[in-house]
1. For a quick check: with amide H placed at 1.01 Å from N, whose amide H comes under 5 Å from I218's, ignoring anything fewer than 5 positions away on the same chain?
2. When all alpha-carbon pairs of the range 28-142 are counted, what percent fall beyond 20 Å?
3. Rounded to the nearest 20 Debye, what is the dipole magnitude of the chain about its Cα centre when Lys and Arg each give +1 and Asp and Glu each give -1 at the C-beta?
4. Quick check on the chain: of the DSSP beta bridges with both residues there, what percent are antiparallel, nearest 5%?
5. Using R₀ = 30 Å, calculate the FRET efficiency as 1/(1 + (r/R₀)^6) where r is the Cβ-Cβ separation of S309 and E55; round to 0.05.
6. Mind sorting S125, S168, S214 by how few other Cβ atoms lie within 10 Å of their own Cβ, fewest first?
7. Whole Å is fine, so just give me how far the alpha carbon centre of the range 23-37 lies from that of the range 89-107.
8. For a test of the definition: using alpha carbon positions, the gyration tensor, and the 1.5 limit on a/c, classify the range 192-310 as rounded, prolate or oblate.
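Please treat every number below as a calculation from the coordinates, not as lab data. The model shown is predicted, which means the values in this text are computed figures rather than measured ones. Please note: Cβ atoms are built from the backbone with ideal geometry, for glycine as well, and neighbour counts cover all protein chains shown.
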Amino acid sequence: MSNDRTVFFTGGAGFIALHTIPLLLEKGYRVRIFDNMQRGDRAAVNALVATGNVELIEQDVRYGGAVHNAMKGCTHVIHFATVSINKSIADPYESIDINMVGNHNVFAAAADHGVQRLVFASSASVYGDPKKLPMHEDDRLNPLTPYCISKRAGEDLLGFYQRQKGLSWNALRFFNVYGPGQKIEAYYTSVINTFIQRLRSGQPPVIDGKGEQSMDFIHVTDLARGVVAALESERANMPINIGTGIDTSIAQLTKILIEAVGVDVEPIFNEREVLVSRRAADITRAREVLGWEPTITVEQGMRELVKMSA
Ligand SMILES: NC(=O)c1ccc[n+]([C@@H]2O[C@H](COP(=O)([O-])OP(=O)(O)OC[C@H]3O[C@@H](n4cnc5c(N)ncnc54)[C@H](O)[C@@H]3O)[C@@H](O)[C@H]2O)c1
């Protein structure tokens, strides 16, 4: 095991990070988790720390000095620490502190320490409501909430530190991530858990409108491989979509979940006007730059999720 590559991983105790860290360890990286444990999974982190190749620094990205000190000796950075869209709407002040100032603290420290690569978790929500599908990285951005605005600003700040100090980065625009370990209140994908719970108790899922609104559901295992690929790719310094390229409507998702749970119910359609938003990623760039390809279909992923939550 080589000791000379250490990843500084903010938000390293969260849902997606906990799927990514085992892949990093397999590749011989050491990992320094930097997380305030507001939403972190302490038991999972303790198990990782027990491997001897992971350490936890329980601190907050809002403190620039703490970030700078803790990053000493690290060769790579993955920046995930954030507060969610819902919270950013409810409390924009906190969101700007964590998502905007926090981003800057991490990027500035990475530039100062001369790390080899920084990977930033951006989001498909930087596009706002897309005018066309699939959504391409060069499409017009229209971030609508403090969370989305900070993701977009984060990408721009990375460009600044690249020009100013030669920082090498990739910003991954994650689409609708799902999989084991996800918190139930996840902004877009909470519909999955709500529907599974209703189906389990024999109740039909309730769909607003005709269920035409769609998402690009990307399984967290596939996504985690994309994060590692972005840490190691030859080409860098760009935003890259990470999705499947397939938009699954809420009506289709419901069918998939009914089949996966194995119950004989029909969804209830709550007839009302809904804003039909749709999402699907153009993943040409991820294929070309990262050599990355999603492998888990939404049917497989949902079946597995239902089995695991049984
Ligand atoms: N889950 C999705 O569908 C999705 C979609 C697009 C983008 N993303 C992005 O991916 C990244 C990871 O998301 P996730 O779903 O794993 O989130 P998560 O909430 O499970 O993990 C975030 C982690 O950050 C930590 N954290 C929060 N505030 C902090 C602070 N001030 N200082 C230090 N640590 C702090 C939390 O304790 C938590 O462990 C985030 O940047 C998120 O914006 C997620």
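1. Amide H to amide H, under 5 Å and 5 or more residues apart or across chains, I218 pairs with N176, V177, Y178.
2. I get 51 percent for the Cα pairs in the range 28-142 exceeding 20 Å.
3. 420
4. Roughly 5 percent of the DSSP beta bridges within the chain come out antiparallel.
5. The computed FRET efficiency comes out at 0.45.
6. Ascending number of Cβ neighbours within 10 Å: S168, S214, S125.
7. After rounding, the separation between the Cα centres reads 23 Å.
8. Oblate, since a/c reaches 1.5 and b/c is not below a/b.
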